[in-house]
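Report on the following structure.
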Amino acid sequence: MVMKDRLSRLKFPAALPLLPLRDIVVFPRMMAPLFVGREKSVSAINYAVERGNIVFLSAQKQADNEAPGLEDIYPTGCVAEILQVFRMQDGTVKIMVEGLARGVISAVQEQADLFVVEVQPLIAEFRPDDPEVEALSRGLRLLFERYVKISNRFPGGLALPPQGVVDPEELGDVVMSHLGLSTAERQAILEQASLKARLEAVSVQLEKEVEIIQIEKRVKGRVKKQMDQSQREYYLNEQMKAIQKELGRPDVKSEVEELREKVKKAGMPKEVETKALKEVGKLEQMPPMSAEGTVVRNYVEWLTDVPWSERSQDRLDTKHAKDVLDEDHHGLETVKERILDYLAVRKLSKSGRGPILCLVGPPGVGKTSLGKSIARALGRKFVRVSLGGVRDEAEIRGHRRTYIGALPGRIIQSMKKAGTVNPVMMLDEVDKMTVDFRGDPSSALLEVLDPEQNKSFSDHYLEVDYDLSPVMFITTANVLHTIPAPLLDRMEVLRMPGYTEEEKIEIAAGYLVPKQLQEHGLEPAQLALSKTTLSYIIRHYTREAGVRNIERLIAKVCRKVARNVVENKKYPSNLRPADVAKLLGPEKYRAEVAAKHTDIGFANGLAWTETGGEMIHIEVSVVPGKGRLILTGKLGEVMRESAQAALTYLRSRAKRFGLPTNFHARTDIHVHAPEGAIPKDGPSAGITMASAIVSAFCKVPVRHDIAMTGEITLRGKVLPIGGLKEKSLAARRAGISTIVFPKENERDLEEIPKNIRQEIRFIPVESMDEVLAAVMTKPVFRGTAKVRVGQKKKPDVPRVDTATGIN
């Protein structure tokens, strides 16, 4: 084995200055220019120049380290000779170096302004007659020649010394000096002590570079071929046009000409047509495959696809409209009357402005389906825009064309879908829009729903005025308090209260059952649901203001019956309540019933929720304590304040109730609303809580067949509430015979069905005194005449409570 000690032929100083390198690894036989600017690096250059121009080059582990220590520098590097030195005016130095031999730092002599190191040579061992080394050397040489031939890095070519002149170790270093590898990859090869392993690693890296270059050439070839094909098609198309013209045949219409004709036939306003034709002119000047051309083409197509003059012919027959509305929906007389009024006005006036209605009601009462019926009655197209969860203004107004993938907003998209300028457009769930950093969609709707502004609605994408005034807008909502006041002010609110049980039975028998029989392929003879059975389903399996769950339950019964029909099982075709219970399972709800007996400290109240009216029970217990008011049952803030107002009312009139002034000082008052897991809030339970508290302290029970609703003030006045109809329906379901309500709500009695007004006695009240006179089983006032409900009490001298100063 022969040891080739290349360092022995060079007279190196015993100590060499260390020059750290960034993003470069120098190999032996490699020449490289270096720019030196750091103080320690400049000192190392000066040290080397003074002592024979020999320096030790080693790469940094992190290139961004401005002040590397020895631990930040690879120990293996290259001994190099400085060939040229150029000193710049800014203090930096440019040098040209040539790598001489590999080396490893063996010792360090650190000085104040530079590192001086002792280097141990890193020598590769091999036999000159080793066939494996010879094979690796030949293969590497051939591969490198192929790399030079296909690479663009060597415009004039690169010639290696003849075979046999350069030994294998030198060949590997020459090849590495021309490969553009990462610092880590070059350093790994530099540190390799085994010549065989080093040649294998260089061959692998060179093979990768050759493969990458070939892939790049293939990709470039495909791209060039596609471009050549596009140019060829363009040339042939132009040639074909010239031939057609020479033959006198009609020219094949180009895409631009077709767009120009569509613009002229769209019936646009003059200014819109001018803008569209201008965009078509731009498109004509653009290359066929340009990205900007695609944007312009899409914009012009949107302008031509949106309806500008196409209009549905309104059917202004009020009798036909009434028949259609009655056919599709039971009840809802207020809404139906409003639609018929609109048709009558349209028949007398030629004004094309459509109304903007807001249908407000609990889920399942038919708001969305009513919109479809209105469109059918008018003979117009119907489009629905769901606004639930919309939080971006661009959903309404669209995105500007500068954005990639921009589109018009939902309003313009719906107009395109309708295809006419006067559809019935339903904006569903308008109360469920939200606001975030992208804007407020409800503010964008202000222009859409304002009759004075929607004549010139501006979409960010179209950037032209669009007339929305012929559109009949119908919005739907479950509640009004979440709709911004400016938006609500632009709409005509029509309330759709919950259905009575009789109405639900009629809807189920006349609409839902036939619909589900048809959808499930059943004949009326195979399944019949009597009104008694439907009433049983409604009472024991649903708790809603609408009929959505009723329809689901009827569908479930139809599925069970369809399966029996398919499997040839015997079943009763006329289902009774007991048969329905077997199909639907155990009852989910118990029927609301009033208490059968009177109890001290217990009162029936009425509540109004999004799903309709509900009974609410108030229980009050008085126990020894420290004067605390304990409120339980998951009561909201408003309801808690009502309880405090009710207690203050009682304290201010303690003497009238025969109670000591400080009756509450050693007593805790516990007010509870059962079904504690259900949140409750609102002021309408004020008189209910006051009655229950008076009952608990005066030991006089409240009538069990009476329910009440109304807000209480500190002076004992009863203020109006909402949802009287829904509350009346809940009272009727529970078997309540009398309802006490605020006198100011007498105007709402007209909305209550006539049969309910005949079954239930309604007592209007203005003060808490009248409430107690109506609901208590016996008088609770001491030393005063009994207040008769409906009669005015004779005025007497006001008595002032000395403890509170309140009348």
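The values are calculated or read from the model by the stated rules, or taken from the named source; none is laboratory data. The model shown is predicted, which means the values in this text are computed figures rather than measured ones. No Cβ is skipped: glycine too gets one built from the backbone with ideal geometry, and neighbour counts run over all protein chains shown. Side chains are part of the model used for accessible areas, which takes the heavy atoms of the whole protein and leaves out ligands, DNA and RNA. Shrake-Rupley method; radii C 1.70, N 1.55, O 1.52, S 1.80 Å.
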Inset, instruction - Determine the order of E39, E301, E614 by accessible area, beginning with the largest, at a probe radius of 1.4 Å. - result: E39, E301, E614
Inset, instruction - Within the range 531-596, list the trypsin sites (Lys or Arg not before Pro) lying in a DSSP loop whose Cβ has at most 13 other Cβ atoms in a 10 Å radius. - result: K569, K570, K588, R590, K596
Inset, instruction - Could you state how much accessible area R397 has, in square angstrom rounded to the nearest 10, with a 1.4 Å probe and all protein chains kept in place? - result: 40 Å²
Inset, instruction - Give the cross-link partners of K515 among the aspartates and glutamates, using a straight C-alpha distance below 15 Å as the criterion and excluding same-chain residues fewer than 8 apart. - result: E327, D328, E506, E523, E551
Legend entry - Set of lysines with alpha-carbon distance to K282 below 22 Å, sequence-local pairs under 8 removed: K241, K253, K262, K264, K265, K270
Legend entry - Cα long-axis angle, helix 367-378 against the chain (0 to 90 degrees, to the nearest 10): 80 degrees
Inset, instruction - Go through [x] 34; [y] 52; [z] 65 and flag the label whose value is the computed percent of Cα pairs over 40 Å apart for this structure. - result: [z]
Inset, instruction - Out of all DSSP beta bridges with both ends in the chain, state the antiparallel percent to the nearest 5. - result: 55 percent
Legend entry - Reachable lysines, given that their alpha-carbon falls under 19 Å from the alpha-carbon of K582 and they are not under 8 places away in the same chain: K531, K556, K560, K569, K570
Inset, instruction - Would you give the gap between the C-alpha center of the range 342-405 and the C-alpha center of the range 714-754, rounded to a whole Å? - result: 33 Å
Inset, instruction - Could you work out how far apart the two model spin labels at L277 and T92 are, taking each label as a point 7 Å from the Cα in the direction of the beta carbon, and quote it in nm? - result: 6.1 nm
Legend entry - Dipole magnitude of the range 82-136 about its Cα centre (Cβ charges: Lys, Arg +1; Asp, Glu -1), debye to nearest 20: 360 debye
Legend entry - Charge-dipole axis of the chain as Lys and Arg at +1 and Asp and Glu at -1 on Cβ define it, positive-most pick from V263, A418, S230: A418
Inset, instruction - With a probe of 1.4 Å, find how much accessible area the chain has per residue, and write the answer as a whole number in Å². - result: 52 Å²
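Among the listed pairs K432/K588; K367/K455; K275/K336; K61/K208, which have their C-alpha atoms separated by more than 31 angstrom in this model?
Too far apart for the 31 Å limit: K275/K336.
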Inset, instruction - List the relative contact order of the chain as a percent without decimals, with contacts defined as Cα pairs under 8 Å and 6+ residues apart. - result: 7 percent
Legend entry - Helix-derived mean residue ellipticity, 222 nm - over the chain, DSSP H n ≥ 4, -39500 (n - 2.57), to 500: -12000 deg cm²/dmol
Inset, instruction - If a/c stays under 1.5 just call it rounded; otherwise compare a/b with b/c (prolate if a/b is bigger, oblate if not). Do that for the range 357-423, with a ≥ b ≥ c from the square roots of the Cα gyration tensor eigenvalues. - result: oblate
Inset, instruction - Can you sort S642, S182, S177 by 1.4 Å-probe accessible area, starting with the largest? - result: S182, S177, S642
Inset, instruction - Distance between Cα centroids, the range 641-697 to the range 304-329: provide it in whole Å. - result: 56 Å
Inset, instruction - Treating only the Cβ atoms of Lys and Arg (+1) and Asp and Glu (-1) as charged, compute the dipole magnitude of the chain about its Cα centre; round to the nearest 20 debye. - result: 4020 debye
Legend entry - ³J(HN,Hα) computed for each position of the range 206-220 - Karplus, 6.51 cos²θ - 1.76 cosθ + 1.60, integer Hz, glycine/proline x: 5, 4, 4, 4, 4, 5, 4, 4, 5, 5, 4, 5, 5, 4, 4
Legend entry - Residue order for R391, R380, R761, R338 - accessible surface, 1.4 angstrom probe, largest first: R761, R391, R338, R380
Legend entry - Three-way shape call for the range 683-771 based on the alpha-carbon gyration tensor, with the a/c threshold at 1.5: oblate
Inset, instruction - Set the Förster distance to 41 Å, then compute FRET efficiency between A578 and L340 from the Cβ-Cβ distance, nearest 0.05. - result: 0.40
Inset, instruction - Please name which of V345, Q758, Y461 has its Cα lying farthest along the dipole of the chain towards the positive end, using unit charges on Cβ (Lys, Arg +1; Asp, Glu -1) and the Cα centre as origin. - result: Q758
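Does the range 417-556 come out rounded, prolate or oblate by the C-alpha gyration tensor, with a ≥ b ≥ c the root eigenvalues, rounded set by a/c under 1.5 and, if not, prolate when a/b is larger than b/c and oblate if not?
Prolate, because a/c is 1.5 or more and a/b exceeds b/c.
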Legend entry - Gap separating the Cα centres of the range 552-571 and the range 509-532, nearest whole Å: 11 Å
